[in-house]
Structures are given as C-alpha cells and as structure tokens.
Amino acid sequence: MTDPDVQAVVFPTVGPALFAAVRAARPGRVVLQVPAGLVRNAHELAERLRDEGGAPVILAARPCFGACDFPSPDEAPRSELAVVLGHAPIPNVPLPRRTFFVEMREPAGDPEALAATVAAAGLPRRLGLVASVQHLDLVPRLEAALAARGYETFVGSGDRRLYYRAQALGCNYTGAEAVADRVDGFLFVGTGQFHPVGLAFAVDRPVWALDPLQGTLEPPIDRATLVARRQLAVAAARDARRWGILVSTFAGQNRAPTALALRARAEAAGRQAELLYFDRLDPRDLEGRAFEAYVNTACPRIALDDGPSYPRPVLTPPEFLMVLGALPLAPYRFDTYH
C-alpha cells in the first residue's frame, strides 16, 4: 500500500517483501528506527537489512514514540530510505525521505476465547472496538465472535491523522469519538495501558482493555480519577501569570500556529507568554526558569502522562483555555491532535 504524497510504503511484518522492496529502492543508505521495546534486537534486523536488502544501514539511537517521531535529516545524514518498525503512517504528516513502515502485525489471539472472556465479564451489549495497529487484523474476527454472543459492535473511521478504521493513536481517538454516541462502552484490543488510558480521556464511556496475547480483560479505566487529576492541574495553574508555551520541532508534532494563537489568547487575558522550542523534552529542561506554568502543544501525553515529573504545571491547550475561562472544566476535552 503506497501513498505517494507522504512517500510511505506499508509492510505487515519483517519478511521477504520488505527486503525485496529495499533492494528495488537501491538506497545509498538506510536508517532503521525502532520503538523502545525493540531496541535490544535492533542490531539483528539491521544486519538482516544489510545482508538481504543489499544496502548500507545505520541505526537511529533515539527510539521512536510513534509515526510522528521519525529520524530528522540531522539524525540520519545522507539516508535516502527509513525503515520504521511498529507504526503505521500518519497520512497528514510529511516525511523527509521515503519511509517503509513495518507495522509488526500480530496474528495471535483466539477471537472465540476472547469473546467468551468479554461475555463472562458482563460488558455492555453495545461496544465500540479500538485497537493498536499490531492487532487490527483481529478486529473483524472478534466482531464476528462477539456478534455470535449477542453483542452489537461499532468500528469508527477517524480523521486525516488515522490510517485505518478502529486504529488508536496516543494523540487521536477520532475513530472512537465517531461512534461514541452509539455505544455503552469501548473495548480496546492490544497490550499495555498507554492507548486505553488515552481512549478514556477522549470518550465519556467506560473503557476496558483486552490483551489478545494473554487473553486477559482489565477492569474499566477509572476515567473520573484521571479527569479529576487534570482538573486539579488546571486549578493549580489558574493564578499563573507567566507562561511558557512548548512547541515541538518534530514535523509530526509541530503545532506552531496553535502555539501562536495561544500566546495571543494569553496576552489578551493579561498573561505573559513565551514560546519554547524543543525536539525531545526532558523535565530538567524546564528547571530554573521563571515561568509559573506551561502549555504543551506537542504530544498531549506529555502533559497527561508525564505532568507530575515537571517542576511546574504542564497543561494541554484545552486545559489552558479552561484556565482563561474560555472553556468550562466539564465536560473534559481531550487534546485531540488533528
């Protein structure tokens, strides 16, 4: 599957098709980037790419968080092709070079057993299904297994940032939002808590996480506690007069126009605001500064997941508008990245 506008080619997993495409592309140099969970064996894949793809390969030392976070030209000089593991393309994000996305699709998971687990737990009969890209192939089979047990399932299509139906991104759950008014809860299919927590922020419905590899179903995410913590962060920053507005230089996370608009809103409300640019943000980068609070225009999960690690409150743009009185505290609004 090829999208010429973003120079992206998608492969389900590492295999002969990937190596043949690398050979056909005849790049002068390939940069290989992997997520943190795969760095241990990244050198083995780099060796296979060299041997079977027939091209010089360098490893990107910085693990990627998503398809928004690819190697910059400075991190991979003279690389004509990137191979990125574990992610699908983000259609509206331009790429600096041709990129092969290897989604690492996972075939494991027994849909009948998983549906039985869902039914035994007494989940609502109208469920929205959301999945990480690795487990999207399981969704149609799980839909059928749930339907046989009397469930009505809904799968939504998201906006221009999502490549697939049912797909979840940490910054975008518009596929789920599209069907939220038709369901009584959501079932996330995948591993870990990162995506289901984000989904719980984005939709005002119960969210259960179903691990297809372990066959386990987690209790519903406690959305009320998540939102209450964010409302406390808003309250802690309400009197702040000096604001730092954080702007990412990553092409897939850069929202400079949003940052400029927020600075104008701050100044109109009698607050001081300055833009701070960064590539990868570390809490130590904000130590010793005179700002009383920050608003983050990069990945919303920086504020939502890592906020307690920072020396001052870090809010999302909707939360900042709550501080200014332009939005109410409730209903809570997730910072959907479009």
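None of the figures in this text is laboratory data; all of them are computed from the coordinates on show. Source: prediction; values computed, not measured. Ideal geometry is used to build each Cβ from the backbone, glycine not excepted, and the neighbour counts take in all protein chains shown.
Below, the figures for the structure above:
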{"quantity": "Formal net charge of residues neighbouring Gly122 (Cβ-Cβ distance under 14 Å; K, R +1; D, E -1)", "calculated": "+2"}
{"quantity": "Calculated FRET value between Ala228 and Ala24, using beta carbons and R₀ = 51 Å, to 0.05", "calculated": "0.40"}
{"quantity": "Stretchable slack from Ala120 to Arg160, in nm (0.36 nm times residue separation minus alpha-carbon distance)", "calculated": "10.8 nm"}
{"quantity": "Value of Rg to Rh for the range 2-102 (Rh from inverse mean 1/r over Cα pairs, i.e. Kirkwood)", "calculated": "0.91"}
{"quantity": "Computed E for Arg241/Ala61 - FRET, C-beta separation, R0 56 angstrom, nearest 0.05", "calculated": "0.90"}
{"quantity": "Packing-based order for 295-305, 114-124, 179-189, using average beta carbon neighbours within 10 Å, highest first", "calculated": "295-305, 179-189, 114-124"}
{"quantity": "Loop GluC sites (Glu not before Pro), the range 270-303 (other Cβ atoms within 10 Å of the site Cβ: 13 or fewer; DSSP)", "calculated": "Glu287"}
{"quantity": "Alpha-carbon centroids, the range 14-90 and the range 133-161: separation in whole Å", "calculated": "30"}
{"quantity": "Inter-label distance, nm, simple model (7 Å from Cα along the C-beta direction), Phe194/Glu47", "calculated": "2.7"}
{"quantity": "Charged-residue dipole, Cβ positions (Lys, Arg, Asp, Glu), the chain about Cα centre, Debye nearest 20", "calculated": "620"}
{"quantity": "Three-way shape call for the range 126-217 based on the alpha-carbon gyration tensor, with the a/c threshold at 1.5", "calculated": "rounded"}
{"quantity": "Pairwise label distance in nanometres, His338 with Ala290, each label 7 Å out on the Cα-Cβ vector", "calculated": "3.6"}
{"quantity": "Neighbour-count order for Ile221, Ile58, fewest beta carbons within 10 angstrom listed first", "calculated": "Ile58, Ile221"}
{"quantity": "Between the range 251-297 and the range 177-222, the alpha-carbon center distance in angstrom", "calculated": "31"}
{"quantity": "Given charges at beta-carbon only (K, R positive; D, E negative), |dipole| of the range 224-323 in Debye", "calculated": "220"}
{"quantity": "Check: the range 1-61 dipole with +1 on Lys, Arg Cβ and -1 on Asp, Glu Cβ, in debye", "calculated": "160"}
{"quantity": "Amide H contacts under 5 Å for Gly158, placed H, 5+ residues apart", "calculated": "Ala166, Gly175"}
{"quantity": "Where labels lie 7 Å past Cα in the beta-carbon direction, separation of Thr258 and Glu274 in nm", "calculated": "2.3"}
{"quantity": "The chain - Debye-derived log10 I(q)/I(0), Cα point model, q = 0.12, 0.14, 0.15 Å⁻¹", "calculated": "-0.92, -1.16, -1.26"}
{"quantity": "Most positive-pole-ward Cα, Val22, Gly54, Leu95, against dipole of the range 2-102 from beta carbon charges", "calculated": "Gly54"}
{"quantity": "Among beta bridges that DSSP assigns inside the chain, antiparallel share in %, nearest 5", "calculated": "10"}
